[in-house]
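Q: Have a look at this one.
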Amino acid sequence: MSYSVQHNLQLRPFNTFGIRATAHLACTLDDEAAVDEVLGLLREKGAAEVHAPPPHEIRPNEQPFPRPLILSGGSNLLLARDLDEPVLLMRTRGRHVVEQQGDTVWLDVAAGEVWHDTVRWTLQQGYYGLENLALIPGRVGAAPWQNIGAYGVEAGERIDSVAAIHLQTGERRRFTAAECAFGYRQSFFKTPAGRDWLILSVRLRLSRTFVPRLDYAELRTALAMPGLTAVQVADTVEAIRRSKLPDPALLGNAGSFFHNPVVDGETVERLRRLHPGLPAHTVAGNGTPATFKLSAGWLIDACGWKGHREGDAGVSPRHALVLVNYGEATGQDILHLARRIQDSVQERFGVPLRPEPVVIL
């Protein structure tokens with residue numbers, strides 16, 4: 001069957017935080033050909049009344065709109081309640097070459113494919129451009145939604161277009177990269193209007209010529225070698241990530257819990273006068289006032305939170321930016337700790353932190 005329906009589905013295996021929660025109704029979509037039937041079923045059952053002002057939190061019954069909650073890999077999610085709204089789990093599969101021109105290759109990848117497996121598959125085929133994004137958890141459909149990024153590369157740089165279907169009307173549309181409005185951990189699909197669209201597949205634009213991106217000092221230092229290959233870059237990225245981030249299969253987490261805050265030059269100067277070791281990276285300029293990305297992990301660590309634990313909710317002792325579930329923490333436990341950290345950083349540095357995962361309240 002191209003889809004399945006389950007009642008009272010236990011969601012602990014479907015979120016990397018390992019939070020115990022239940023979905024009253026869940027549909028698993030295995031074949032895109034059945035998407036119209038599945039969406040019709042969910043609309044018939046009375047889908048989610050879910051909206052997200054502010055964008056990192058989802059609250060029920062605000063500006064009601066019938067739609068399901070899309071659950072991809074569950075790697076960017078904090079469940080703080082059981083789910084009465086229907087849940088749609090994307091598990092569609094498929095990767096194929098659409099077009100080749102010279103060194104450029106266009107690939108269509110189904111939304112349900114695992115992102116890391118896709119990165120490794122492209123390298124096996126000799127298609128380059130995703131190597132810096134190895135080991136990012138989740139599925140391909142979440143890549144444009146979040147505009148995932150790591151080690152100087154963002155997915156939006158490699159995305160040519162996104163195929164999607166409107167959850168209510170069933171309209172199908174292909175969004176160009178420009179229409180996706182990619183920004184730092186941001187896209188059109190995270191806006192209120194964008195949440196009405198279900199991502200079906202992602203068209204990637206890759207190259208047969210490997211051009212290393214070693215913007216980050218950790219990569220430059222580790223990869224200072226002749227004859228560097230894309231596989232070596234991916235291997236090194238994996239090793240660095242594993243050294244910093246706990247394995248969700250062993251310790252529940254959603255990776256980086258907070259966005260790195262972006263501030264203006266005046267703020268950076270003020271903070272560096274008080275804290276000379278503060279790291280800051282330029283993220284804009286070229287004729288416009290420069291902005292700077294601060295390290296949220298450094299700010300949190302400076303406030304003494306690294307390794308902190310409250311019951312089964314805690315901050316990783318390996319990386320201050322990672323909140324963890326030691327076993328039986330609830331979503332509310334994690335959220336309470338996150339808010340205390342936000343208050344602490346705001347009080348000491350005057351810098352607000354925004355959660356990166358979607359929080360279901």
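Q: Mind counting the residues in the range 180-202 that are over 23 Å from residue 279 (Cα atoms) and either in contact (Cβ under 8 Å) with a residue 60 or more places away in the chain or aromatic (Phe, Trp, Tyr) (or both)?
A: Final tally of qualifying residues: 14.
Q: Residue by residue through the range 143-162, note down the ones that are closer than 21 Å to residue 121 by Cα, touching a strand residue (DSSP E or B) at 6+ places or on another chain (Cβ under 8 Å) and open to solvent by 30 Å² or more (accessible area, probe 1.4 Å).
A: Within the range 143-162, 158, 160 qualify.
Yes or no, residue by residue, for (1) within 22 Å of the chain's Cα centre (by Cα); (2) in contact (Cβ under 8 Å) with a residue 24 or more places away in the chain:
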site	(1), (2)
217	no, no
222	no, no
231	no, yes
258	yes, yes
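Q: Any residue at all in the range 286-295 that's among the aliphatic types (A, V, I, L, M) and closer than 18 Å to residue 261 by Cα?
A: yes
Q: Identify the residue in the range 109-118 that is open to solvent by less than 20 Å² (accessible area, probe 1.4 Å) and over 15 Å from the mean Cα position of the chain (by Cα) and, among all such residues, is farthest from residue 176 (Cα to Cα). Break it down into steps so the answer makes sense when it comes.
A: Filtering the range 109-118 down to residues open to solvent by less than 20 Å² (accessible area, probe 1.4 Å) leaves 109-113, 115, 118.
If we keep only those that are over 15 Å from the mean Cα position of the chain (by Cα) as well, we get 109-110, 118.
On the way: 109: 15, 110: 16, 118: 21 Å.
Taking the candidates together, the pick is 118.
Q: Output the residue which, of all residues in the range 95-109 that are touching a residue at least 60 places away in the same chain (Cβ under 8 Å) and touching an Asp or Glu at 6+ places or on another chain (Cβ under 7 Å), is farthest from residue 334 (Cα to Cα).
A: It comes out as 98.
Q: Would you check if residue 268 is assigned by the TED database to the domain that holds residue 351, touching a Ser or Thr at 6+ places or on another chain (Cβ under 7 Å), modelled with pLDDT of 90 or more and surrounded by 13 or more Cβ atoms within 10 Å (Cβ to Cβ)? Show your work before the answer.
A: Working: assigned by the TED database to the domain that holds residue 351: yes; touching a Ser or Thr at 6+ places or on another chain (Cβ under 7 Å): no; modelled with pLDDT of 90 or more: yes; surrounded by 13 or more Cβ atoms within 10 Å (Cβ to Cβ): yes.
Here the answer is no, as residue 268 does not meet what is asked.
Q: Might you check whether a residue that is farther than 29 Å from residue 142 by Cα and either in contact with a Ser or Thr (Cβ under 8 Å, 6 or more places away or on another chain) or not assigned by the TED database to the domain that holds residue 16 (or both) occurs anywhere in the range 289-298?
A: Our first condition is that a residue be farther than 29 Å from residue 142 by Cα; within the range 289-298, this holds for 289-290.
Filter once more, so that each one left must be either in contact with a Ser or Thr (Cβ under 8 Å, 6 or more places away or on another chain) or not assigned by the TED database to the domain that holds residue 16 (or both): 289-290.
Yes.
Q: Working carefully through the options 205, 273, find the one that is over 26 Å from residue 307 (Cβ atoms), free of Cβ contacts under 8 Å to residues at least 24 places away in the same chain and outside any loop (DSSP other than H, G, I, E, B).
A: 273
Q: Among the residues of the range 219-244, what is the count of those that are assigned to a loop (DSSP other than H, G, I, E, B) and either under 20 Å from residue 359 (Cβ atoms) or basic (Lys, Arg) (or both)?
A: At the first step, the residues of the range 219-244 found to be assigned to a loop (DSSP other than H, G, I, E, B) are 223-229.
Those left that are additionally either under 20 Å from residue 359 (Cβ atoms) or basic (Lys, Arg) (or both): none.
So the answer is 0.
Q: Sort through 237, 202 and tell me the only one that's farther than 20 Å from residue 77 by Cβ and either assigned by the TED database to the domain that holds residue 133 or open to solvent by less than 20 Å² (accessible area, probe 1.4 Å) (or both).
A: Every option except 237 fails the conditions.
Q: Taking residue 332 and the conditions (1) open to solvent by less than 10 Å² (accessible area, probe 1.4 Å); (2) touching a residue at least 60 places away in the same chain (Cβ under 8 Å); (3) more than 20 Å from the chain's Cα centre (by Cα), which numbered condition does it fall short on, given that it satisfies the others?
A: Answer for residue 332: the failing condition is (1).
Q: Still on this model: Regarding the range 146-165, can at least one residue be identified that is more than 23 Å from residue 248 (Cα to Cα) and of a type in the set (Ser, Thr, Tyr)?
A: Within the range 146-165, one or more residues are more than 23 Å from residue 248 (Cα to Cα) and of a type in the set (Ser, Thr, Tyr).
Q: Specify which of the listed residues (258, 210) is open to solvent by 20 Å² or more (accessible area, probe 1.4 Å) and among the aromatic types (Phe, Trp, Tyr).
A: That would be 210, the only listed residue that is open to solvent by 20 Å² or more (accessible area, probe 1.4 Å) and among the aromatic types (Phe, Trp, Tyr).
Q: Still on this structure, I have one more. For the range 163-198, how many residues are of a type in the set (Lys, Arg), within 30 Å of residue 151 (Cα to Cα) and open to solvent by 20 Å² or more (accessible area, probe 1.4 Å)?
A: Qualifying residue count, the range 163-198: 3.
Q: On to the next question. Please pick out the residue among 275, 308, 319 that is on the phi < 0 side of the Ramachandran plot and in contact with a Lys or Arg (Cβ under 6 Å, 6 or more places away or on another chain).
A: Within the list 275, 308, 319, the selection yields 319.
Q: Cβ-Cβ below 6 Å, separation at least six or inter-chain, first residue in the range 300-318 and in the same structural domain as residue 260 (by the TED database) and modelled with pLDDT of 95 or more, second of a type in the set (Lys, Arg) and not in a loop (DSSP other than H, G, I, E, B): which pairs?
A: Between residues of the range 300-318 that are in the same structural domain as residue 260 (by the TED database) and modelled with pLDDT of 95 or more and residues that are of a type in the set (Lys, Arg) and not in a loop (DSSP other than H, G, I, E, B), the close pairs are 303/348.
Q: If you don't mind, another one. Filter the range 312-361 down to residues that are of a type outside the set (Val, Ile, Thr) and not in a helix (DSSP H, G or I), then give me how many there are.
A: Matching residues across the range 312-361 total 23.
Q: Among the residues of the range 84-102 satisfying the criterion of being outside any strand (DSSP E or B) and farther than 14 Å from residue 42 by Cα, which is most open to solvent (accessible area, probe 1.4 Å)?
A: 93
The values are calculated or read from the model by the stated rules, or taken from the named source; none is laboratory data. Computed from a predicted model, the values in this text were never measured in an experiment. When we count neighbours, we look across all protein chains shown, and the Cβ atoms used for this are built from the backbone with ideal geometry, even at glycine. We work out accessible area using only protein heavy atoms, side chains counted, and drop any ligands, DNA or RNA first. Shrake-Rupley method; radii C 1.70, N 1.55, O 1.52, S 1.80 Å.
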